[in-house]
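Only one structure is covered here, and it is reproduced in the block below.
The values are calculated or read from the model by the stated rules, or taken from the named source; none is laboratory data. This one's a predicted model, so the numbers in the text were calculated from it and none came from an experiment. Cβ placement follows ideal geometry from the backbone for every residue including glycine, while neighbour counts extend to all protein chains displayed.
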Amino acid sequence: MKADYDLYKKEGKHGDMVRLELMRRFGYYITESSEHNSEYCPWFIKERYPELIDRFNIPLDEYPRRCIHQIEDWKKRGHELTNNPTLTHKRTHEYASYIMEAMETGVPTKIGGNVLNHGLITNLPRNACVEVPCLVDKNGVQPTYIGDLPEQCAALNRTNINVQLLTIEAARTLKKDYIYQAVMLDPHAGAELSIDDIVAMCDDLIEAHGDWLPKYH
């Protein structure tokens, strides 16, 4: 969607300031949230420019706060599910039931699906996972051919796809070097840290996770 600067202009501090800055600079609507975009890109959370945190209203603790809230909500829901004999439910907008229904009955539905990029977005890697419009029916999930993204949009995606593909290699081979390489190529980490610092940080994180991770070599 081409950016409409008047439509998306907001006054004062708000939660979309990073998203709108990227839209203004790159010319297209940004789907990802401002807090995640500030992590995925190298321009907003900067040791040399701490004032950017306030300028773009970046909530550095948003994800931990969300996790705490979600854990408490799961506990509450678990209690309700196991102790409420009159509990009812209704269908929501979530895709899962519609996908199963379409594949079983043949009545088609349309979704935005995450699929392997087998020639769908032609200027992104073929072994990446991409989200594209999909038709679902008895033939399964049938993704839509997109072609080239605008070059600046493809470039923003490719910098993070590099990290994702190397992370997959790390999980597949259990080679620690792929972990280091993935983080070296992360736009934010690479903009802030030296190679030695990145390796040391990865080693500290691997140690901190302990038995939650398999043994890398």
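The table for this structure:
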| read-out | value |
| --- | --- |
| Hey, ILE53 surrounded by 15 or more Cβ atoms within 10 Å (Cβ to Cβ), in contact (Cβ under 8 Å) with a residue 24 or more places away in the chain and among the aliphatic types (A, V, I, L, M) or not | no |
| Condition met for GLU39 (closer than 19 Å to ALA155 by Cβ, of a type outside the set (Ser, Thr, Tyr), under 19 Å from the mean Cα position of the chain (by Cα) and surrounded by 11 or more Cβ atoms within 10 Å (Cβ to Cβ)) | yes |
| Pick from the stretch 137-175, criterion among the β-branched types (Val, Ile, Thr) and part of a helix (DSSP H, G or I), ranking: surrounded by the fewest Cβ atoms within 10 Å (Cβ to Cβ) | THR173 |
| Residue match in the stretch 83-95 (condition: surrounded by 10 or more Cβ atoms within 10 Å (Cβ to Cβ) and at pLDDT 90 or above) | yes |
| Search result, residues across the stretch 104-136 that are among the small types (Gly, Ala, Ser), surrounded by 14 or more Cβ atoms within 10 Å (Cβ to Cβ) and in contact with a Cys (Cβ under 8 Å, 6 or more places away or on another chain) | GLY113 |
| Tabulated pairs, the stretch 63-75, first surrounded by fewer than 10 Cβ atoms within 10 Å (Cβ to Cβ), second of a type outside the set (Val, Ile, Thr), C-beta under 7 angstrom, 6+ apart or interchain | none |
